[in-house]
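One structure is given below, encoded as structure tokens.
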Amino acid sequence: MSLLSSKQTLKQGDRAPDFKLLGIDDKQHTLLELKGEKATLIIFMCNHCPFVIPKFDMMRELYKEFKEKGVEIIGINPNDHPSYPEDNLDAMKEIHAQKELGFHYLIDSSQEVARSFDAVCTPDPFLFDKDLTLIWHGRLNDAMFPDDIVNEETMKEVIVEYLNTGKVMKEFKPSQGCSIKWR
């Protein structure tokens, strides 16, 4: 397992790179089609990463809490699934159903989308406004290792701040996780 921290290549104010990816519903989806009315949280994630697994419940709760408030969550799995079969589309469907994630879960088979975002680890979350302008990039919570206790629900705080004030003042706090499994 190679441990990495997300870096801030896309800056606040940058537009989200567009994409068209296959979802667990066996349909192609574009970012413009899936974006939220008020905000869109894109999380580069996978099924097997020990840093992602403990965050499944939190991601599901974020989706439940903010979906009706106009915030869409999109999970994107960029891992090389031929080399990591636990990250293939069938496994994604299983984990999505088992964990009752609710949000769209897409596969980045070419890994071009992850590269366009300069995502480096799983999880690596990016929060965009209604116009798909980056408003915050950073961790989901302060549990930086799988067994850590959560003391700060960072992304939840950021989303609430944005919905209440229209801006985010919290500084970049990198996510940490397994490196994306590049070809």
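The values are calculated or read from the model by the stated rules, or taken from the named source; none is laboratory data. Bear in mind that the values here come from a model prediction, so they are computed numbers and not experimental data. Don't worry about glycine lacking a Cβ; one is built from the backbone with ideal geometry, like all the others, and counts go over all protein chains shown. Heads up: the accessible areas ignore ligands, DNA and RNA and are worked out on the full protein's heavy atoms, side chains in. Shrake-Rupley method; radii C 1.70, N 1.55, O 1.52, S 1.80 Å.
Annotations
- Residue 93 of a type in the set (D, E, K, R), within 14 Å of the chain's Cα centre (by Cα), in a helix (DSSP H, G or I) and at pLDDT 95 or above: no
- Reported count of residues in the stretch 99-109, each being open to solvent by 40 Å² or more (accessible area, probe 1.4 Å), charged (D, E, K, R) and at negative phi, is 1.
- Odd one out for residue 180, checked against (1) farther than 24 Å from residue 70 by Cβ; (2) surrounded by fewer than 19 Cβ atoms within 10 Å (Cβ to Cβ); (3) not charged (D, E, K, R): (2)
- Evaluation of residue 96 against the conditions (1) touching a residue at least 60 places away in the same chain (Cβ under 8 Å); (2) open to solvent by less than 70 Å² (accessible area, probe 1.4 Å); (3) in contact with a Lys or Arg (Cβ under 6 Å, 6 or more places away or on another chain); (4) within 19 Å of residue 124 (Cα to Cα) shows that the sole unmet condition is (3).
- Residue among 73, 43 that is in a strand (DSSP E or B) and without any contact (Cβ under 8 Å) to a residue 40 or more places away in the chain: 73
- Hits in the stretch 21-37 - residues which are open to solvent by less than 50 Å² (accessible area, probe 1.4 Å) and in a loop (DSSP other than H, G, I, E, B): 24, 36
- The one condition from (1) farther than 21 Å from residue 145 by Cα; (2) in contact (Cβ under 8 Å) with a residue 24 or more places away in the chain; (3) not in a loop (DSSP other than H, G, I, E, B) that residue 83 does not meet is (3).
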